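All remarks here apply to the structure that follows.
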Amino acid sequence: MSLVRTFATSKRVLSQLRHDKRTLALIFIVPPVLLTILKYVFSKEAKLFDDIAPMLLGIFPMIVMFLITSVVTLRERSSGTLNRLMTMPISKSDFIFGYAIAFSLLGLVQALISGGVMLGLLNVTVLGGTAHTLIVAVLAAFLGTALGLFTSAFAKSEFQAVQFLPAFLFPQLLVCGLFIARVEMAKLLQWFADIMPLTYSVDAMKQVTIAHNWTATLTSDLIVVGSFAIAALILGAATIRRREN
Amino acid sequence: MEQSVKIKNLSVTLGGSFKALVDINLDLPVGKTIGFIGPSGAGKTTLIRSIVGSINITKGEVLVFNESAGSSSLRSKVSYMTQELSVYPDLTVKENLKYFITMANTPKKDRMSSLVEVLKLVDMTSKSDILVSSLSGGEKQRVSLAVALIGSPKLMVLDEPTVGLDPVLREKLWQLFFKLNERGSTLIVTSHSMDEASRCDDLVLIRDGKLISHSTPEELLKRTGSSSVEESFLKLVEHKE
């Protein structure tokens with residue numbers, strides 16, 4: 001692995017997005033707009049909004065990065081660029097981590113904007129503070145990128161890649177504790193939630209919302225999220241082949 | 001004589017049953033432009049992918065500069081231009097080249113000169129700040145070719161580099177190929193156009209996954225008593241059937 005090649009890959013991925021201003025605008029503007037709408041949806045249930053909004057801040061980066069990464073890497077596989085790179089001295093980890101760094105940075109900027117709107121304009125209080133909120137959001141973006149890189153290997157077209165979002169992320173979204181506390185779900189679903197990464201990412205955000213200090217649960221949540229992401233990246237690297245059949 | 005590529009008893013079966021290449025034996029020279037000629041579907045791309053090492057071979061052996069094809073030490077000596085564009089449409093010409101120059105392990109001090117050089121070789125200097133997606137088909141192809149030229153690899157494998165180019169540009173490319181040969185690089189170029197074949201130093205004719213001839217164009221014409229490569233090709237196929 002080489003840092004030069006990894007960072008060059010991150011820079012390249014970000015340059016591609018820089019030329020695509022509309023996508024960038026969508027990434028940065030849609031989440032705060034949705035949060036704002038939600039605030040007025042819950043205009044009579046302010047307390048509920050205060051609970052949900054921070055959790056969404058952990059979910060948006062994950063969904064968005066998952067989608068973008070899936071499509072971008074699929075494109076890279078089908079356009080021949082990945083094939084070409086694999087005939088060059090670049091290692092698979094340069095490629096994979098290059099992507100992970102680029103999209104985590106993008107997730108950070110997204111979280112900064114949405115977080116700023118949420119804390120500044122929508123008056124949501126997060127006891128843990130801005131720094132903790134951002135750390136959780138970046139890790140969520142990292143997880144989304146890693147899962148996107150991995151699942152894109154199983155998509156033969158962009159249509160399929162996009163469908164992986166409802167297929168892979170929505171079930172996790174349903175059971176992660178956003179809609180209803182996990183203990184109130186059927187036992188089977190609780191077990192399912194226990195082994196899904198999004199649960200921990202949302203739980204981490206909950207911890208940040210309710211606790212002033214960095215809690216042990218927060219640490220373990222983030223370790224789980226990070227481990228899932230690293231595992232997905234390693235599996236993702238394994239799906240990249242220098243030789244095809 | 002030194003050889004760039006040595007292929008022994010190569011067979012490649014794709015998708016479990018399709019015999020893309022059958023028992024190919026081939027030794028290729030150094031410093032020449034070698035044409036792989038055959039109709040589409042003949043196995044040209046499979047053959048060059050075996051040489052680049054981006055495909056699993058079923059049987060036989062492929063050596064490039066005496067090392068097993070696709071081995072990591074060859075990655076800086078062999079470049080591959082695929083039939084797909086394999087450059088990033090949403091980056092400018094310069095951004096594309098800079099990225100691939102870094103990926104090719106070019107030392108930092110040489111990166112700028114490498115960029116200037118390959119841009120000039122494919123005559124794209126004036127368009128270096130344009131997004132690849134806004135270029136014409138032929139220009140895109142030249143950007144892809146430029147990537148293959150980075151670092152003057154010892155072996156450049158170019159899949160259909162001249163397809164869809166206008167005659168003037170095509171002529172320029174052939175001049176470029178010969179210039180690269182003079183510098184010591186070996187070029188493998190595929191084409192389904194028979195009239196381009198006569199420009200190669202060395203001709204490999206392929207059909208239905210089988211090697212049907214390997215010689216210089218002159219030898220080929222003499223041996224088959226033909227006036228064109230196309231005619232020779234037809235005669236060879238007829239003779240076999």
- Note on the structure: In terms of the charge dipole of the range A:30-154, which places +1 on Lys and Arg and -1 on Asp and Glu at the beta carbon, the residue among A:S70, A:F103, A:T130 farthest towards the positive end is A:S70
- Note on the structure: Using alpha carbon centers only, the range A:217-245 is separated from the range B:1-67 by a whole-angstrom value of 36
- Once a ≥ b ≥ c are taken as the square roots of the eigenvalues of the Cα gyration tensor of the range B:92-199, is the result rounded (a/c under 1.5), prolate (a/b larger than b/c) or oblate (a/b not larger than b/c)? oblate
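Per-residue mean of other chain beta-carbon atoms within 10 angstrom of the beta-carbon, peptide B:51-59? Show your work: numbers first, answer last.
On the way: counts 0, 6, 4, 8, 5, 4, 1, 1, 0.
Other-chain Cβ atoms within 10 Å of each residue's Cβ, averaged: 3.
What is the calculated FRET efficiency for B:Q3 to A:F159, with r their C-beta to C-beta distance and R₀ = 45 Å, to the nearest 0.05? Walk me through the numbers before you get to the answer.
Details: r = 46 Å, r/R0 = 1.03.
Calculated transfer efficiency: 0.45.
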- Message: Let me check something: with ligands and nucleic acids excluded, how do B:W174, A:W191, A:W214 order by accessible area (1.4 Å probe), largest to smallest?
- Response: A:W191, A:W214, B:W174
- Interface area, B with A, accessible, probe 1.4 Å, both sides summed, Å² nearest 100: 2700
- Message: Given points 7 Å out from each Cα along the Cα-Cβ axis, report the A:A131 to A:V183 separation in nanometres with one decimal.
- Response: 3.2
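What dipole magnitude, in Debye to the nearest 20, does the range A:3-239 give about its Cα centre under +1 on Lys/Arg Cβ and -1 on Asp/Glu Cβ?
Working: 17 positive and 11 negative charges, 143 e Å.
Using Cβ point charges on Lys, Arg, Asp and Glu, the range A:3-239 gives about 680 debye.
Write down Rg/Rh for the range A:3-239, rounded to two decimals, with Rg from the C-alpha atoms and Rh from the Kirkwood relation over Cα pairs. Before the final figure, lay out each step's value.
Working: Rg = 17.8 Å, Rh = 18.2 Å.
Taking Rh as the inverse mean 1/r over Cα pairs, Rg/Rh reads 0.98.
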- Using a probe of 1.4 angstrom, how much of the accessible area of the range B:85-135 is carbon and sulfur, in percent? 57
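Let me know the charge dipole size of the protein assembly as shown about its Cα centre in debye, to the nearest 20, where only the beta-carbon of Lys, Arg (+1) and Asp, Glu (-1) is charged. It would help to have the intermediate numbers written out before the result.
Numbers: 50 positive and 41 negative charges, 123 e Å.
Computed about the Cα centre, the dipole is about 600 debye.
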- Nearest-0.05 FRET efficiency for B:R223 and B:V168, computed from C-beta distance (R0 22 Å): 0.10
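What's the tally of Lys pairs in chain A whose alpha-carbon atoms lie under 25 angstrom apart, where the two lysines are 8 or more places apart or on different chains?
For chain A, qualifying lysine pairs total 8.
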- Message: At 7 Å along Cα-to-Cβ for each site, give me the label-to-label distance between B:S126 and A:L112 in nm.
- Response: 4.1
- Over chain A, what is the mean sequence separation of C-alpha contacts under 8 Å (at least six apart), divided by residue count, expressed as relative contact order in percent? 28
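Restricting to Cα pairs below 8 Å that are 6+ residues apart, what does the relative contact order work out to for chain B? Please round to a whole percent. Spell out each step's value before the answer.
Working: 448 pairs, mean separation 62.9, N = 241.
Reported as a whole number, the value is 26 percent.
Ranked from the most accessible area to the least, with a 1.4 Å probe and all protein chains present, what is the order of B:V122, A:V30? Write out the running numbers ahead of the final one.
Values: B:V122 5, A:V30 60 Å².
Most to least solvent-accessible, the answer reads A:V30, B:V122.
For a Förster distance of 45 Å, can you work out the FRET efficiency between the beta-carbons of B:S113 and B:D27, rounded to the nearest 0.05? Kindly include the intermediate steps, with their values, before the conclusion.
Working: r = 35 Å, r/R0 = 0.78.
Given R0 = 45 Å and the Cβ-Cβ separation, E is 0.80.
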- Item | Whole-Å distance, taken between Cα centres, linking the range A:52-108 and the range B:188-214 | 40
- Amide H contacts under 5 Å for B:L21, restricted to residues at least 5 apart in sequence or on another chain and with H modeled in the peptide plane, are B:V12
- Item | Selection from A:G116, B:T162, B:I24 lying farthest towards where the dipole of the protein assembly as shown points positive, charges on Cβ | A:G116
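Determine the shape class of the range B:201-241: with a ≥ b ≥ c the square roots of the Cα gyration tensor eigenvalues, call it rounded for a/c under 1.5, and otherwise prolate if a/b is greater than b/c, oblate otherwise. Each step should come with its number before you reach the end.
On the way: a/c = 2.17, a/b = 1.21, b/c = 1.79.
Oblate is the answer for the range B:201-241, as a/c is 1.5 or above yet b/c matches or exceeds a/b.
Quick one: work out the % antiparallel among DSSP beta bridges in the protein assembly as shown, nearest 5.
In the protein assembly as shown, approximately 55 percent of DSSP beta bridges are antiparallel ones.
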- Got a sec? What order do A:T69, A:T217 fall in by accessible area at 1.4 Å, biggest, i.e. largest, first? A:T217, A:T69
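The values are calculated or read from the model by the stated rules, or taken from the named source; none is laboratory data. What you are looking at is a predicted structure, and each value in this text was computed from that prediction instead of being measured. Quick reminder, even Gly has a Cβ in these numbers, built from the backbone with ideal geometry, and neighbours come from all protein chains shown. Accessible surface is based on the protein model in full, side chains and every heavy atom, while ligands, DNA and RNA are left aside. Shrake-Rupley method; radii C 1.70, N 1.55, O 1.52, S 1.80 Å.
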